[in-house]
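Peer 1: Sharing a structure, written as structure tokens. Questions coming.
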Amino acid sequence: MRKLYIAGNWKMNITPSQAVEYAKKLKDSDIDKNVKVMIAPSFVCLPDVCRALNNTGIIVAAQNVNNNQKGAFTGEVSCEMLKDLGINDVIIGHSERRQYYCESDELINEKVKIALDNNMDVILCIGETLEQRENGELKSVLKKQVYTGLKDVSDSDIFKITLAYEPVWAIGTGKTATPEDAQEAHSYIRYLINSLYGEKVSEKIIIQYGGSVKPENAKQLMACPDIDGALVGGASLKIDQFLSIINVNK
Ligand code: PEP
């Protein structure tokens, strides 16, 4: 039985003082014990949010990390810096990083490997654009993203990876994939993991859905057999909405 994993990606929203207020409210909220919960504030909010959520079981993650251990990379943040704050989780390969910062599958693979080398857990984001879907390229895009993103990731490290299927056309647009479309993609991703790591791993790996998840559609999406959680953008900015998604089965 896979545990539901709900993660909130705040992107470039919420200031440090607002973040602490949010974290305190989240800490005092009624949260379904059967759900793994994570929030990913911006880098500047991480120290205060970590302190506010210390010992709560709520995971605080980074939205990105550099692919080098250290050095002359102005404006970048390393795994070592995150670990020093007590952060063990990072989102890698978000479509906005791919689209606006030209992150390739190869670079994303380097980031995945350096995070694993630093003993961090990773949410690896994948998903097709509308054009790719309309051109019938869904499966080939997902295959390349999974195979390249996970290149040289060992059988022992694969459990440190969560996959997030996020069709780019559904992110921040208000358009959600139908549960049938999302299930079809998730089932294919699980098949790809089976082909790389075998059935036991493919049955255990967590695959989140992301793309305009809201309290109104979360229940239907989370009921799909291969959807094990959500990576939530916009709706995670409002704590009441995020809590409704977390407590979807309560
Ligand atoms: C995201 O950024 O990962 C995301 C899914 O955003 P939204 O929920 O706003 O579509």
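Peer 1: Name the trypsin sites (Lys or Arg not before Pro) in the range 57-116 that are in a loop by DSSP and that have at most 11 other C-beta atoms within 10 Å, would you?
Peer 2: K70
Peer 1: In straight Cα distance, which lysines are under 24 Å from K33, not counting same-chain residues fewer than 8 positions off?
Peer 2: Within the straight-line cut-off, K33 pairs with K3, K24, K25, K160, K204, K214, K219, K238, K250.
Peer 1: Stokes-Einstein D for the range 182-248 at 20 °C, 1.002 mPa s, Kirkwood Rh over Cα pairs, in µm²/s?
Peer 2: Here the translational diffusion coefficient equals 171 µm²/s.
Peer 1: Whats the longest run of the chain with zero chymotrypsin sites (Phe, Trp or Tyr not before Pro) that are DSSP loop and have at most 11 other Cβ atoms within 10 Å?
Peer 2: The answer is 102-250.
Peer 1: Still on this structure: Exactly which trypsin sites (Lys or Arg not before Pro) in the range 121-167 are in a DSSP loop and have at most 16 other Cβ atoms within 10 Å?
Peer 2: K151
Peer 1: Once ligands and nucleic acids are excluded and a 1.4 Å probe is used, how much of T173 is accessible, expressed in Å² to the nearest 10?
Peer 2: About 70 Å², ignoring ligands and nucleic acids.
Peer 1: How big is the gap, in Å, between the Cα center of the range 152-178 and the Cα center of the range 11-53?
Peer 2: Spelled out, the Cα-based centre of one part sits 21 Å from the other.
Peer 1: Would you kindly derive the ³J(HN,Hα) couplings of the range 152-168 from the backbone phi angles with the Karplus curve 6.51 cos²θ - 1.76 cosθ + 1.60 (θ = phi - 60°), listing them in order in whole Hz, with x for Gly and Pro?
Peer 2: Values per residue, Gly and Pro as x: 6, 8, 6, 4, 7, 8, 4, 6, 8, 9, 10, 9, 10, 8, 10, x, 4 Hz.
Peer 1: In Å², and per residue, what accessible area does the chain have when probed at 1.4 Å with the other protein chains present?
Peer 2: Normalised by residue count, the accessible surface of the chain is 47 Å².
Peer 1: Is the range 32-114 rounded, prolate or oblate when judged by the Cα gyration tensor, a ≥ b ≥ c being the square roots of its eigenvalues, rounded requiring a/c under 1.5 and prolate requiring a/b larger than b/c?
Peer 2: Judged from the Cα gyration tensor, the range 32-114 comes out prolate (a/c at least 1.5, a/b above b/c).
Peer 1: Ignoring everything except DSSP H segments at least 4 long, calculate the 222 nm mean residue ellipticity for the chain; use -39,500 (n - 2.57) per segment, divide by total residues, nearest 500.
Peer 2: Taken over the chain, the calculation gives -11500 deg cm²/dmol.
Peer 1: Can you tell me the dipole magnitude for the chain around its Cα centre, using point charges on the Cβ only (Lys, Arg +1; Asp, Glu -1), in Debye to the nearest 20?
Peer 2: 500 debye
Peer 1: Summing +1 for each Lys or Arg and -1 for each Asp or Glu, what net charge is found among the other residues whose Cβ lies under 15 Å from the Cβ of M81?
Peer 2: Once all neighbours under 15 Å are counted, the net charge is -2.
Peer 1: Taking K143 as the anchor, which lysines have their alpha carbon closer than 16 Å to its alpha carbon, excluding any fewer than eight residues away along the same chain?
Peer 2: Straight-distance partners of K143: K151.
Peer 1: So what's the chain giving for Cα Rg divided by 2.2 N^0.38 Å, two decimals?
Peer 2: Dividing the Cα Rg of the chain by 2.2 N^0.38 Å gives 0.94.
The values are calculated or read from the model by the stated rules, or taken from the named source; none is laboratory data. What you see is a predicted model, and the numbers here were worked out from it, not measured in a lab. So basically every Cβ, Gly included, is an ideal-geometry build from the backbone, and we count neighbours across all protein chains shown. All accessible areas refer to the heavy atoms of the entire protein, side chains included, with ligands and DNA or RNA removed. Shrake-Rupley method; radii C 1.70, N 1.55, O 1.52, S 1.80 Å.
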